[in-house]
Amino acid sequence: MFIRRLHYAWIVFAVGFVTLLGAAGFRSAPGVLIEPLGEEFGWSKATVGGAVSVNLLLFGLVGPFAAALMLRYGLRRVVAIALVVISAGALATTRMSSPWQLVLLWGVVVGLGAGCMAAVFAATIATRWFSARRSLVTGCLTAASASGQLVFLPVLSRLAERVGWRWVSVTIALCALAVLPLVLLFLRERPEDLGLRPYGAAEEDPVPAAPVGNPVAVAFTGLRDAWTTGAFWLLVGSFWVCGLSTNGLIQTHFITAAHDHGIDATHAAGLLALIGIFDVIGTIGSGWLSDRHDPRTLLVIYYALRGVSLIVLHPALEAAGLPLAGFMVFYGLDWVATVPPTIALCASTFGRERAPVVFGWVFAGHQLGAAAAAWGAGWIRDTFGSYQPAFALAGVACIAAALAVPAIGRRRGAFVRPRLRQPGAPALAGTDPQG
């Protein structure tokens, strides 16, 4: 009886959650591989960081096109192909011997496959299948991806230390393939295909038409429509800072920074996993709050607190012990808490069907920031012998983002704070079903 009454949106959500969790290993590997690749091949931190930058850059830039492909050809087909590409690229890295091969395989191949996953995939599921609880669903899916990346780290780090870094790549490939059957069997494209409305949508809510044009044209049309709005550029700029301060800096370089202070790789990976554990709480909580409060206010709080914590990270590394563990707990709560309010702003501004494509471009800004930090922090460490300047610069950037985000939507098309309603309740006149 329960299964019959369960809206299929929750099955799609569950498949998305497990898929993002199972495929999260490929986002964990760069931080684990910097030291082993340097020891075996003599590659500098900037060299490995450069390949990671390519990966992060393509991971972001392919997002809007991946969203357009999902609109045109379907979630199931695009995600299944992406998982196979990730697996093939990860396995091929076990045979590499030159930096250009690292850039090609880990940077280009895995980067392109990964770009079809994570935030764009989560945004597509949330905006297509849910009207009520949309930000909460976004938070859960984002937590599966982001926390999975960090929770995988102790396992991957132990593999790298005990049996070699190549087994890290093999493990990632197998994890990506393990979730492929779930995608093929249970993932569905749109609720309308099953004769359903999105979860929480009223009967009178309009059904948006799916784009039928060329995916590349759809992606660029979304960019063109958003290009002239100040809200879009503020979202891109703030998310650039988000990527710089998370994936690019902490996730890529924390293990090496900890090693500079006498902390071994396994212990450092365990600390990053602590971020992952508390990120689940922070991101799901952020989704719950984004369904009830102005996302701009939440973004101000998140970026300001993140900036302050980065400025004090270097002293925490020197002190180690409880201060460092405290930083990890605090940073974990704020790790990707910015995603649900950012997607909520995209959905309220650009509409249900266009929101994933526009968010894809916003997410491209996120990965541009991550790429800048992945290479830039490595260069700073090679040049100055310390990561402290990189931490300080990232902290200042976060505080600047906190000062900028209140202007989103203030002049034209001001954001209307979401109002939670129960499934089946009528939408308020003149508002998006999200709020």
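The values are calculated or read from the model by the stated rules, or taken from the named source; none is laboratory data. Here the structure is a predicted model, which means the values were calculated and not measured. All Cβ positions, glycine included, derive from the backbone under ideal geometry; neighbour counts span all protein chains shown. We work out accessible area using only protein heavy atoms, side chains counted, and drop any ligands, DNA or RNA first. Shrake-Rupley method; radii C 1.70, N 1.55, O 1.52, S 1.80 Å.
For the range 381-395, enumerate the residues that are without any contact (Cβ under 8 Å) to a residue 12 or more places away in the chain and over 18 Å from ALA316 (Cα atoms). Hits for the range 381-395 are THR383, PHE384.
Residues checked against (1) crowded, with 24+ Cβ neighbours inside 10 Å; (2) under 19 Å from SER286 (Cα atoms); (3) at pLDDT 85 or above; (4) of a type in the set (Gly, Ala, Ser):
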residue	(1), (2), (3), (4)
SER348	no, yes, no, yes
HIS366	yes, yes, yes, no
ALA372	no, no, yes, yes
TRP379	no, no, yes, no
PHE384	no, no, yes, no
ARG412	no, no, no, no
VAL416	no, yes, no, no
ALA429	no, no, no, yes
GLN434	yes, yes, no, no
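Within the range 335-346, the presence of at least one residue that is at pLDDT 85 or above and not in a helix (DSSP H, G or I) is confirmed.
Checking the structure you have, find out if any residue of the range 42-60 is more than 17 Å from TRP165 (Cβ to Cβ), under 17 Å from the mean Cα position of the chain (by Cα) and either modelled with pLDDT of 80 or more or not in a helix (DSSP H, G or I) (or both).
Narrowing the range 42-60 to residues more than 17 Å from TRP165 (Cβ to Cβ): 46, 50, 53-54, 56-60.
Okay, now just the ones that are also under 17 Å from the mean Cα position of the chain (by Cα), so 53-54, 56-60.
Among the residues that remain, those that are also either modelled with pLDDT of 80 or more or not in a helix (DSSP H, G or I) (or both) are: 54, 58.
Yes - at least one qualifying residue is present in the range 42-60.
Residues in the range 71-85 that are part of a helix (DSSP H, G or I) and closer than 16 Å to PHE186 by Cβ: LEU75, ARG76, ARG77, VAL78, VAL79, ALA80, LEU83. ARG306 meets the stated requirement of being more than 24 Å from CYS116 (Cα to Cα), buried (at least 18 other Cβ atoms within 10 Å of the Cβ), touching an Asp or Glu at 6+ places or on another chain (Cβ under 6 Å) and modelled with pLDDT of 85 or more.
The set of residues in the range 317-336 that are buried (at least 20 other Cβ atoms within 10 Å of the Cβ) and farther than 18 Å from GLY139 by Cβ comprises LEU317, LEU324, PHE327, MET328.
Put simply, of GLY276, GLY237 the only residue that is of a type in the set (Gly, Ala, Ser), surrounded by 21 or more Cβ atoms within 10 Å (Cβ to Cβ) and assigned to a helix (DSSP H, G or I) is GLY276. Pairs are defined by a Cβ separation below 7 Å, a sequence spacing of at least 6 or placement on different chains, a first member in the range 67-81 that is free of Cβ contacts under 8 Å to residues at least 40 places away in the same chain, and a second member that is open to solvent by 20 Å² or more (accessible area, probe 1.4 Å) and assigned to a helix (DSSP H, G or I); the pairs so defined are VAL78/LEU69. Within the range 126-142, residues that are under 14 Å from GLY285 (Cβ atoms) have Cβ atoms under 9 Å from residues that are assigned to a helix (DSSP H, G or I) and acidic (Asp, Glu) in these pairs: THR142/ASP279, counting only partners at least 6 apart in sequence or on another chain.
To keep it simple, each residue is scored yes or no on (1) closer than 26 Å to VAL362 by Cα; (2) outside any helix (DSSP H, G or I).
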| position | (1), (2) |
| --- | --- |
| SER87 | no, no |
| ALA92 | no, no |
| LEU102 | no, no |
| VAL109 | yes, no |
| LEU112 | yes, no |
| CYS116 | yes, yes |
| VAL120 | yes, no |
| THR124 | yes, no |
| ALA132 | yes, yes |
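Among residues of the range 285-311 that are among the basic types (Lys, Arg), those with a beta-carbon under 6 Å from a residue that is surrounded by fewer than 24 Cβ atoms within 10 Å (Cβ to Cβ) and assigned to a helix (DSSP H, G or I) at least six positions away or on a different chain give the pairs ARG296/PRO406. Looking at (1) over 23 Å from TYR199 (Cα atoms); (2) modelled with pLDDT under 85; (3) crowded, with 21+ Cβ neighbours inside 10 Å, find the lone condition where ALA355 falls short. Exception for ALA355: condition (1). Inclusion of VAL300 among residues that are β-branched (Val, Ile, Thr), modelled with pLDDT under 90 and in a helix (DSSP H, G or I) is not warranted. Checking each residue in the range 263-272 for being in contact (Cβ under 8 Å) with a residue 40 or more places away in the chain and either out of contact with any helix residue (DSSP H, G or I) (no Cβ under 6 Å at 6 or more places or on another chain) or open to solvent by 10 Å² or more (accessible area, probe 1.4 Å) (or both) picks out ILE263, ALA265, THR266, GLY270, LEU271.
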